[in-house]
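Undergrad: Have a look at the structure that comes next, please.
The values are calculated or read from the model by the stated rules, or taken from the named source; none is laboratory data. Computed from a predicted structure; not experimentally measured. Cβ placement follows ideal geometry from the backbone for every residue including glycine, while neighbour counts extend to all protein chains displayed.
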Amino acid sequence: MPKPSPNLVVVLCEDAAHKLFIERWLKCRGVSNRRIRTVALPAGKGAGEKFVRDRYPVEVLAYRQSRFTSRQLIVAIDADTQSVDYRLEQLAQSLKDRGMEDRQPSERICILVPKRNIETWVRVLIGDAVTEEVDCGKQEPEDTRRAADVYQAWLDGAKEAIPSLTRSRTEVRRLDGD
């Protein structure tokens, strides 16, 4: 079921696969292209997860200073071989290093941390049996689109999945103020 559309959704992500997945999913939620601003790693410019960690405080500050009452920030960063909690701690530390408070429960800041990577979520959402320990490699854009198309229905359902994907339900609820 589509959610009420925010004034602006800022998407901070580490690569083209995250960008495709998040933007397609947002469209399924009823968010128009005009209301999405994506900040992604420029091609060939280094490690995507470092880019996201470095840029996170900038985007949180912009979120906090915004006049938009229904602005949302979605951060997508792979856990890679680390834990989801480790990535979340790194992001919290990046705020602390800049003298900023960690994100608050009332803030519509959603952090999606696929373990191992977004391609793992893609494989699960299109029905493949995979684990978070195996690198699924790059996926075809069509598979990423198919996964994004079913993500909202999966979120609204009760089906369990790999832990990082199941955990994303709690994060997405932040967008709606839940």
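Undergrad: I need the full set of residues from the range 91-116 which are basic (Lys, Arg) and either over 25 Å from GLU133 (Cα atoms) or without any contact (Cβ under 8 Å) to a residue 40 or more places away in the chain (or both), in order please.
TA: LYS96, ARG98, ARG103, ARG108, ARG116
Undergrad: So which residues in the range 123-162 are in a loop (DSSP other than H, G, I, E, B), farther than 16 Å from ALA16 by Cβ and of a type outside the set (A, V, I, L, M), if there are any at all?
TA: GLY127, ASP128, THR131, GLU132, GLU133, ASP135, GLY157, LYS159, GLU160
Undergrad: Let me ask another. Go through the residues of the range 94-114 one by one and say whether even a single one is under 20 Å from GLY137 (Cα atoms), modelled with pLDDT under 95 and surrounded by fewer than 17 Cβ atoms within 10 Å (Cβ to Cβ).
TA: No, every residue in the range 94-114 fails to be under 20 Å from GLY137 (Cα atoms), modelled with pLDDT under 95 and surrounded by fewer than 17 Cβ atoms within 10 Å (Cβ to Cβ).
Undergrad: Go through the range 160-178 and report how many residues are basic (Lys, Arg), out of contact with any Cys (no Cβ under 9 Å at 6 or more places or on another chain) and within 18 Å of VAL11 (Cβ to Cβ).
TA: Residues flagged as basic (Lys, Arg), out of contact with any Cys (no Cβ under 9 Å at 6 or more places or on another chain) and within 18 Å of VAL11 (Cβ to Cβ) within the range 160-178 amount to 0.
Undergrad: Out of all the residues in the range 125-145, which are surrounded by fewer than 21 Cβ atoms within 10 Å (Cβ to Cβ) and of a type in the set (Val, Ile, Thr)?
TA: Selection gives ILE126, VAL130, THR131, VAL134.
Undergrad: Within the range 73-122, which residues are under 16 Å from PHE21 (Cβ atoms) and part of a strand (DSSP E or B)?
TA: If the condition is that a residue be under 16 Å from PHE21 (Cβ atoms) and part of a strand (DSSP E or B), then ILE74, VAL75, ALA76, CYS110, ILE111, LEU112 are the ones that fit.
Undergrad: For the range 72-92, name all the residues that are of a type in the set (D, E, K, R) and over 12 Å from the mean Cα position of the chain (by Cα).
TA: Within the range 72-92, ASP80, ASP85, ARG87, GLU89 meet the criteria.
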